[in-house]
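Encoded as structure tokens, the structure appears first; notes follow it.
The values are calculated or read from the model by the stated rules, or taken from the named source; none is laboratory data. Since the model is a prediction, treat every value here as computed from it, not as a measurement. Positions of Cβ are backbone-derived with ideal geometry, glycine not excepted, and every protein chain shown enters the neighbour counts. SASA here: full protein model, heavy atoms, side chains in, ligands and nucleic acids out. Shrake-Rupley method; radii C 1.70, N 1.55, O 1.52, S 1.80 Å.
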Amino acid sequence: MPEAPKQPQKPTEYEYDVAEKNKKTLHFIEDVTANADQVQKRVLAEILSRNAHVEYLKRNGLNGHTDRETFKKIMPVITYEDIQPDITRIANCDKSPILCSQPISEFLTSSGTSGGERKLMPTIEEELGRRSLLYSLLMPVMSQFVPGLDKGKGMYFLFIKSEAKTPGGLVARPVLTSYYKSNHFKNRPYDPYTNYTSPNETILCLDSYQSMYSQMLCGLCQNKEVLRVGAVFASGFIRAIRFLEKHSTLLCKDIRTGTLNPKITDPSVREAVMKILKPDPKLADFIEAECSRESWQGIITRLWPNTKYVDVIVTGTMSQYIPTLDYYSNGLPLVCTMYASSECYFGVNLNPLCKPSEVSYTLIPNMAYFEFLPVQRNNGGINSISMPKSLNEKEQQELVDLVDVKVGQEYELVVTTYAGLYRYRVGDVLRVAGFKNNAPKFNFICRKNVVLSIDSDKTDEVELQNAVKNAVTHLMPFDAHLTEYTSYADTTTIPGHYVLFWELNVNGSTPIPPSVFEDCCLTIEESLNTVYRQNRVCESIGPLEIKIVEAGTFDKLMDYAISLGASINQYKTPRCVKFAPIVELLNSRVVSSNFSPKCPKWTAGHKQWNNMN
Ligand code: AMP
């Protein structure tokens, strides 16, 4: 994620002393990591004393205690489902202090889902300051490795998404939408590190075509000034390149003539873009020539020749996009700067030029109180089909504090936040890579249970299984049965899409027409969660594909797994495959390929709420 403005500044600080400010920030990082344990103790005491009288803590019998020992003994380790009734009350207008003594300012809609709907994370006004603080660490860290970044601009493709209102009138929206619409972002004082090619108006335009078009146009017009490029996730940046591929003729026309595409109708966007757009036939010719070359290899370095790195998250499932980014950027460093969520912003990468496979994030101890649940992984067991299991008393005691984690060990992250989550399981699995002073650095390993992901969607095995179950009803009239299936996130297409490999046992004599498989594709899409469907509607995910494979294919798959050392007794068909030879094996036995004929239905907000847009 790109960096945000520094904390509000006095006017005298406009005479910028970048070096001095960077030094202060780095000193802050030294300080909080050296005193990680003391900071964590203080953070927990602060959260618990402020919220001593909230219903949730009283209900659990914490009785105003603020020490770690009592907290760990008394408070349960929970998942979203445990507090869902409380969240529903807040959403329905109960203003009493249920989770937090401060008023809930809005809900942040997580890309994690529960019962097919986005999770709602309550937040409070002051959390915006904490998010800004984490953003403000990023560029001082970066500038230790890449000097001169204050001398140019960042071309970041940033977007807002639609909002909904809860029945009680609270806004529910993604955390970045909340951040970009806040004064912390919109009215940021001048800072060379938050100097972007995209005017705020283009970022704050809800229409995704107008937003992307105008951001790309402004990025192209200022191409020589751009020193770094990026988006939040790798998938978003690749989408922007794809957009350029599709719309380069129109973009070049605008640059040549200095007039703006009439499809950009938002008056504030037009006004902001027109301040940047000047007729520049030479630049238009140059861009046109580069875009019409057969190969798009290195297009980023060709069009934005001063770019030093690509700032996108490529850890976790986003690692599938590394080859594509390497191709477009001619191997520029791919920089993952931070690790964050709707629940809480967690940490930063203190060695941003490291290889993507070595990225580690140092959790910043004053963001929240962090605990770690040791995870044992056997045969990829984390992703096996299971509901998140609740912990018994002994397991609850096994959670370790931030400074006590062990190098090499994997843990599930558990947070207690200022906004009123107590011992909440985030669902991410992290591995300790080392320490920065006394604060651990973590590799992001995976999100628990997620098998398929293209963009912000996170589909688990249970959802996939239910969706497939719904779809196979279309096969009944043909006396056909699904004998085995697996899935694959295909990111070789742009946008990427879900592929399901199906092996059938057909008893009926009537051949199954392609339209039936298309219906199956659509039923699966309709059955998947709201984040998947939203991504489909805004074209961040392509149509789902079902590939029918020859009879016997899944036996071959098992033979192959056994040849690689899997035990015959324990072999289970994986519900998702990633290993290239296995994908190749499946692809070599495809007899027909079928795509979803249209987008699944999606509306903003939870099913039962009114739409704000
Ligand atoms: P959301 O709650 O929708 O904001 O999504 C937050 C989740 O995105 C985290 O819990 C992670 O699973 C994932 N995520 C965020 N930052 C990173 C990162 N730097 N690397 C890998 N996954 C990330």
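Quick notes
- Meets criteria (modelled with pLDDT under 95, more than 20 Å from VAL314 (Cβ to Cβ) and in a loop (DSSP other than H, G, I, E, B)) for LYS394: no
- Single condition SER214 does not satisfy, out of (1) free of Cβ contacts under 8 Å to residues at least 60 places away in the same chain; (2) surrounded by fewer than 22 Cβ atoms within 10 Å (Cβ to Cβ); (3) not basic (Lys, Arg): (2)
- Residue match in the stretch 80-93 (condition: modelled with pLDDT of 95 or more and touching a Lys or Arg at 6+ places or on another chain (Cβ under 6 Å)): yes
- Helices (runs of 4 or more DSSP H) within the stretch 129-204 that include 2 or more residues under 23 Å from THR265 (Cβ atoms) and open to solvent by less than 20 Å² (accessible area, probe 1.4 Å): 175-181, 200-203
- Whichever residue in the stretch 428-466 is on the phi > 0 side of the Ramachandran plot and modelled with pLDDT of 95 or more and, among such residues, is farthest from the ligand (Cβ to nearest atom): ASN437
- So THR66, is it outside any loop (DSSP other than H, G, I, E, B) and either open to solvent by 20 Å² or more (accessible area, probe 1.4 Å) or in contact with a Ser or Thr (Cβ under 8 Å, 6 or more places away or on another chain) (or both): no
- Qualifying residue in the stretch 235-246 (condition: aromatic (Phe, Trp, Tyr), under 22 Å from LEU353 (Cβ atoms), in a helix (DSSP H, G or I) and open to solvent by less than 10 Å² (accessible area, probe 1.4 Å)): yes
- Subset of the stretch 426-449 (residues that are open to solvent by 20 Å² or more (accessible area, probe 1.4 Å) and either out of contact with any helix residue (DSSP H, G or I) (no Cβ under 8 Å at 6 or more places or on another chain) or in a strand (DSSP E or B) (or both)): ARG431, ALA433, PHE435, LYS436, LYS441, ASN443, PHE444, ILE445, CYS446, ARG447
- Residues of the stretch 355-387 that are part of a loop (DSSP other than H, G, I, E, B) and either within 14 Å of the ligand (Cβ to nearest atom) or modelled with pLDDT of 95 or more (or both): LYS355, VAL359, SER360, ILE364, PRO365, ASN366, MET367, ALA368.
- Candidate set: the stretch 34-59, residues that are outside any helix (DSSP H, G or I) and touching a Pro at 6+ places or on another chain (Cβ under 7 Å); chosen: the one least open to solvent (accessible area, probe 1.4 Å): VAL54
Conditions tested, residue by residue: (1) touching a strand residue (DSSP E or B) at 6+ places or on another chain (Cβ under 8 Å); (2) farther than 30 Å from PHE243 by Cβ; (3) surrounded by 21 or more Cβ atoms within 10 Å (Cβ to Cβ).
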{"site": "TYR498", "(1), (2), (3)": "yes, no, yes"}
{"site": "GLU503", "(1), (2), (3)": "yes, yes, yes"}
{"site": "CYS520", "(1), (2), (3)": "yes, yes, yes"}
{"site": "ILE524", "(1), (2), (3)": "yes, no, yes"}
{"site": "LEU544", "(1), (2), (3)": "yes, no, yes"}
{"site": "ALA566", "(1), (2), (3)": "no, yes, no"}
{"site": "GLN570", "(1), (2), (3)": "no, yes, no"}
{"site": "THR603", "(1), (2), (3)": "yes, no, no"}
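- Residue selected from the stretch 78-110 under the condition polar (S, T, N, Q) and closer than 15 Å to GLY605 by Cβ, by the criterion nearest to the ligand (Cβ to nearest atom): SER110
- All positions within the stretch 580-601 that are in a loop (DSSP other than H, G, I, E, B) and either at pLDDT below 95 or surrounded by 16 or more Cβ atoms within 10 Å (Cβ to Cβ) (or both): ARG589, SER596, CYS599, PRO600
- Hits in the stretch 119-138 - residues which are more than 16 Å from the ligand (Cβ to nearest atom) and either under 16 Å from VAL175 (Cα atoms) or without any contact (Cβ under 8 Å) to a residue 60 or more places away in the chain (or both): ILE124, GLU125, GLU126, GLY129, SER132, LEU133
- Per-region count, the stretch 392-418, residues closer than 21 Å to LYS41 by Cβ and within 13 Å of the ligand (Cβ to nearest atom): 4
- Looking across the stretch 450-471, the residues that are crowded, with 18+ Cβ neighbours inside 10 Å and part of a helix (DSSP H, G or I) come down to GLU461, GLU463, LEU464, ALA467, VAL468, ALA471.
- Among the residues making up the stretch 317-343, those that are within 15 Å of the ligand (Cβ to nearest atom), crowded, with 20+ Cβ neighbours inside 10 Å and part of a helix (DSSP H, G or I) are THR317, MET318, TYR321, LEU325.
- Only listed residue being of a type in the set (Gly, Ala, Ser), at pLDDT 95 or above and outside any helix (DSSP H, G or I), chosen from GLY230, GLY219: GLY230
- Set GLY116, GLY64: member being on the phi > 0 side of the Ramachandran plot and within 16 Å of the ligand (Cβ to nearest atom): GLY116
- Taken over the stretch 501-538, the criterion of being under 17 Å from ASP455 (Cβ atoms) and not hydrophobic (A, V, I, L, M, F, W, C) is satisfied by GLU525, ASN529, THR530, TYR532, ARG533, GLN534, ASN535, ARG536.
- So VAL577, is it within 25 Å of ALA234 (Cα to Cα), assigned to a loop (DSSP other than H, G, I, E, B) and β-branched (Val, Ile, Thr): yes
- Residues of the stretch 305-316 classified as within 26 Å of the chain's Cα centre (by Cα) and either of a type in the set (Asp, Glu) or part of a loop (DSSP other than H, G, I, E, B) (or both), total: 5
- Count of residues meeting criterion [in contact with a Leu (Cβ under 7 Å, 6 or more places away or on another chain) and modelled with pLDDT under 95] in the stretch 161-173: 1
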